[in-house]
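Just so you know, all these numbers are worked out from the coordinates, no wet-lab data involved. Owing to the predicted nature of the structure, the values given are computational and were not obtained by experimental measurement. FYI the Cβ positions are ideal-geometry reconstructions off the backbone, even for glycines, and counts take in every protein chain you see.
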Amino acid sequence: QVQLVESGGGLVQAGGSLRLSCAASGRTFSSYAMGWFRQAPGKEREFVAGISWTSITYYADSVKGRFTISRDNAKNTVTLQMNSLKPEDTAVYYCTRVVDTTSTGPWGQGTQVTVSS
């Protein structure tokens, strides 16, 4: 069973950057596509970015050109580099296994990102 732990969230001003990390347990990590989702207060959880096991990346339109997802299979980590942050990026960010833009679980505990204007 894969377990996921996110880190790296925080408070940043609009235009700033943050780097989120997701540490995964389990020997089969490299076999799975991974992704990041986010959930803002009062809103549904939404897909942000995904990366295949061969490191093909894809993004939601709202973050394309600003966010970059990457993975290190040797370290069992997935990273989300977030640049040019906007107040509307404020949310709890989660990593998870994915098929395309759909989570297949499990979920980590999430990490809070707050962007002030």
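What FRET efficiency would be calculated for the residue pair Tyr58, Gln1, taking the C-beta separation as r and a Förster radius of 35 Å, to the nearest 0.05? Intermediate values should be presented prior to the final figure.
On the way: r = 26 Å, r/R0 = 0.74.
About 0.85, to the nearest 0.05.
Can you give the charge dipole size of the stretch 24-115 about its Cα centre, rounded to the nearest 20 debye, using +1 on the beta carbon of Lys and Arg and -1 on the beta carbon of Asp and Glu? Present the calculation step by step, with values, prior to reporting the outcome.
Numbers: 10 positive and 7 negative charges, 43 e Å.
Dipole magnitude for the stretch 24-115 comes out near 200 debye.
What percent does the relative contact order of the chain come to when contacts are Cα pairs within less than 8 Å and at least six residues apart? Can you show the working numbers first?
Values: 287 pairs, mean separation 41.8, N = 117.
Relative contact order of the chain: 36 percent.
Report, ordered by chain and residue number, the lysines lying within cross-link reach of Lys86, taken as a straight Cα distance under 27 Å and ignoring same-chain residues fewer than 8 apart.
Filter leaves Lys43, Lys64.
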